[in-house]
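We did not get these values from a lab; they are worked out from the coordinates using the rules stated. What you see is a predicted model; the values in this text were computed from it and never measured. Glycine also receives a Cβ, built like all others from the backbone with ideal geometry; neighbour counts cover every protein chain displayed.
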Amino acid sequence: MDLFEPLKIQIMLPERLAPTSRIAENAVRKLLFRKSKVQTSIQWRWFDHIQSEYDVVINDDGSGESADLVALKINDDSLSLTLVHCKFSGADEAGARLKDLYEVCGQAQRSIRWKHLNLNYLYQHIKKREERWRERGYSRFLKGNISKLAEIKERARTTPIRFHVVIVQPGISIEKIDQEGLKLLGSTALYIKKTTMADLIVVGSE
């Protein structure tokens with residue numbers, strides 16, 4: 001099979017990328033997920049990779065989105081809220097193109113507003129968008145449902161939330177990324193850390 005290996009860049013050490021899991025190569029330049037749940041898209045491949053780790057996963061892709069994927073989990077002593085931002089590669093081969101990073105880094109930085117708003121605001125945002133899709137016979141929920149999201153929202157009143165941000169960009173290569181790319185990722189990671197205390201994970205390619 002033709003596969004590429006996504007990587008993690010931990011926020012405190014953005015120069016270190018470690019292999020994690022595999023995503024099909026034909027997803028490298030295919031971002032669109034839409035209502036039909038395109039299973040060769042980057043979003044679907046990453047959802048497939050993380051779905052067992054969360055109680056609720058939502059496709060919030062589109063204008064006004066909080067993130068491409070919103071994932072939530074009930075832990076023993078906390079709740080996890082993970083916002084996943086996906087971006088297709090600008091070329092068939094992974095490399096060090098800054099344009100593959102600028103937009104998705106900006107999305108990641110802007111998404112911190114959802115950490116500072118309470119979970120009820122995110123719930124209302126998802127609920128309205130889900131209702132519009134339901135009218136046309138679709139659902140934004142890839143795992144779980146609006147009732148489970150409501151349960152998590154209620155728990156958030158008395159339970160701390162652990163916030164996480166993930167960038168998925170298969171166009172960035174661990175072998176080719178240069179100092180400019182690392183500086184951009186590092187500044188994004190630092191901004192997210194300072195404003196939300198969250199770690200940034202970046203998923204790229206070998």
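What distance in nm separates the simple spin-label points at Glu135 and Gln51, each placed 7 Å from Cα in the Cβ direction?
Output for this residue pair reads 2.8 nm.
Taking the Cβ of Ile126 as the centre, find all other residues whose Cβ is under 10 Å away and add up their charges (Lys, Arg: +1; Asp, Glu: -1).
Numbers: positive: Lys127, Lys128, Arg129, Arg140, Lys153; negative: Asp60, Glu130, Glu131.
Net local charge, Ile126 excluded: +2.
Could you tally the net charge around Ser78, taking each other residue with its Cβ under 12 Å from the Cβ of Ser78, Lys/Arg +1 and Asp/Glu -1?
On the way: positive: Lys73, Arg155, Arg162; negative: Asp76, Asp77.
Charge balance near Ser78 sits at +1.
Using the Cα atoms of the range 93-206 to build a convex hull, what is its mean projected area in square nanometres?
8.7 nm²
What's the exposure ranking of Thr188, Thr159, Thr196, going from fewest to most Cβ atoms within 10 Å?
Details: Thr188 24, Thr159 14, Thr196 18.
If I rank by nearby Cβ atoms, fewest first, I get Thr159, Thr196, Thr188.
List the trypsin sites (Lys or Arg not before Pro) in the range 141-206 that DSSP assigns to loop (not H, G, I, E or B) and whose Cβ has at most 13 other Cβ atoms within 10 Å. Which are they? Each step should come with its number before you reach the end.
On the way: sites: Lys143, Lys148, Lys153, Arg155, Arg157, Arg162, Lys176, Lys183, Lys193, Lys194; in loops: Arg157, Lys176.
Filter output for the range 141-206: Arg157.
Taking only Cα atoms of the range 135-182, what ratio of Rg to Rh do you get with Rh as the Kirkwood inverse-distance radius? Show your work: numbers first, answer last.
Details: Rg = 18.4 Å, Rh = 15.1 Å.
Result for the range 135-182 is an Rg/Rh of 1.22.
Quick one: putting +1 on the C-beta of Lys and Arg, -1 on the C-beta of Asp and Glu, what dipole do you get for the range 97-192 around its Cα centre, in Debye to the nearest 20?
Using only the charged Cβ atoms, the result is roughly 500 debye.
Count the net charge of all other residues whose Cβ sits under 10 Å from the Cβ of Thr195, scoring Lys and Arg as +1 and Asp and Glu as -1. All intermediate terms of the calculation are to be shown ahead of the outcome.
Values: positive: Arg113, Lys115, Lys193, Lys194; negative: none.
Neighbourhood net charge equals +4.
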